[in-house]
1. If Thr150 satisfies every condition in (1) in contact (Cβ under 8 Å) with a residue 12 or more places away in the chain; (2) assigned by TED's automatic domain parsing to the domain that holds Met195; (3) among the hydroxyl-bearing types (Ser, Thr, Tyr) but one, which is the exception?
2. Take the residues in region 256-273 that are assigned to a strand (DSSP E or B) and modelled with pLDDT of 90 or more; name whichever of them is farthest from Val218 (Cα to Cα).
3. Need the failing condition index for Val49 against (1) over 23 Å from Leu76 (Cβ atoms); (2) β-branched (Val, Ile, Thr); (3) crowded, with 16+ Cβ neighbours inside 10 Å, just the number.
4. Could you list all residues from region 9-28 that are within 51 Å of the chain's Cα centre (by Cα) and not in a loop (DSSP other than H, G, I, E, B)?
5. So which residues in region 222-281 are in contact (Cβ under 8 Å) with a residue 12 or more places away in the chain, over 30 Å from Ile174 (Cα atoms) and surrounded by fewer than 15 Cβ atoms within 10 Å (Cβ to Cβ)?
6. For region 29-39, what are the residues that are assigned to a loop (DSSP other than H, G, I, E, B), on the phi < 0 side of the Ramachandran plot and not charged (D, E, K, R)?
7. Just to be sure I understand, how many residues within region 242-281 are charged (D, E, K, R) and under 38 Å from the mean Cα position of the chain (by Cα)?
Amino acid sequence: MVGSGFDWNQPYSCVEWADQFGITYPLLDDSNTGIYSLFGAGYIPHNVVIDGDGLVIYSAAGHNTNGITAAINEALSYLIVDADQDGIMDDVDNCPDVHNVQQEDIDGDGDGDLCDSCNNLIWSGGDVDGNSALDIFDILFLVDIILGETNTYVCAEEAGDITQDGNINVMDVIGLIQIVIGGNQQQAIQYLESMLNPIEFKQLTQELVMIESPKILVWPNPSNSVMNINGYGYVQIYDMLGKEVYENYLNGHHLWDTRNLPSGIYHMFNNGETVTVTLLK
């Protein structure tokens, strides 16, 4: 806080004014009214509150204690502070109320190890059941959580967020299978299908489509050799006679080798969407 004044000695000088009214903050001599001309208007006193960004958020003649206090509190609420005094400002501190200079976060959930409600030595890296071992039971437990077939636990969800996107879904199940069993995504999906009943598998694959994208992209179209397909879920391709010439399970980008197929128009079906493609040889 700082004050300024001019037109002194009526009856107090600058120093006498401070002494008379017990002012403890700096009081500037504004005899040339340079400060007043920037902010003042109307009669004296004129109070101004400036926030941390240098913006005037309050300016009024008179002395409205409630208005001034509210403006000061508002300005203070926007200030970025370091509450735990660890040298890291609260807006980027993963434990704003706990002194943690190193910012350790073993499970990458955004909560520092020193203030994380879940024991990061246990609930991390896919250990959904928290028994310090990664196995098929973690996979099954994660599936049950996603399908709503068991009570959810914050720590279990954190451990099951393999993709670390803040959500648990079938992509995390696929990732966990790859950690536990090995293999690529296609093999993980096949393994998932083998371990679940058809209804559960359909629910998860429908979610996979919803999470990624229901749209299938094909290029170049027309094509004379290899065609790029980008999509998710099962795709089936038929010729003009209704004969199936290709099927596969898509999980992103895929190459369809058409070199052994004749020229013609083909229909591609994926997630209820139909795309017509043309082969020109």
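The values are calculated or read from the model by the stated rules, or taken from the named source; none is laboratory data. Fair warning: this is a prediction, and the values are worked out from it, not measured in the lab. Quick reminder, even Gly has a Cβ in these numbers, built from the backbone with ideal geometry, and neighbours come from all protein chains shown.
1. All conditions are met except number (1).
2. Taking region 256-273 and keeping what is assigned to a strand (DSSP E or B), we get 256-257, 264-270, 273.
Filter once more, so that each one left must be modelled with pLDDT of 90 or more: 256-257, 264-269.
Numbers: Trp256: 10, Asp257: 13, Gly264: 16, Ile265: 14, Tyr266: 12, His267: 12, Met268: 10, Phe269: 12 Å.
So, considering only residues that are assigned to a strand (DSSP E or B) and modelled with pLDDT of 90 or more, the one farthest from Val218 (Cα to Cα) is Gly264.
3. With (1) over 23 Å from Leu76 (Cβ atoms); (2) β-branched (Val, Ile, Thr); (3) crowded, with 16+ Cβ neighbours inside 10 Å applied to Val49, the lone miss is (1).
4. Leu27, Leu28
5. Initially, region 222-281 is screened for residues in contact (Cβ under 8 Å) with a residue 12 or more places away in the chain, giving 222-240, 245, 247-259, 261-273, 275, 277-281.
Okay, now just the ones that are also over 30 Å from Ile174 (Cα atoms), so 222-225, 239-240, 259, 261-266, 277-281.
Within region 222-281, Pro222, Asn224, Ser225, Met240, Arg259, Pro262, Ser263, Gly264, Ile265, Thr278, Leu280, Lys281 meet the criteria.
6. Taking region 29-39 first, the residues assigned to a loop (DSSP other than H, G, I, E, B) are 30-33.
Now drop any that are not on the phi < 0 side of the Ramachandran plot, which leaves 30-32.
Scanning region 29-39 gives Ser31, Asn32.
7. Pass one, region 242-281, residues charged (D, E, K, R): 243-244, 247, 257, 259, 273, 281.
Next cut, under 38 Å from the mean Cα position of the chain (by Cα) only: 247, 273.
Count: 2.
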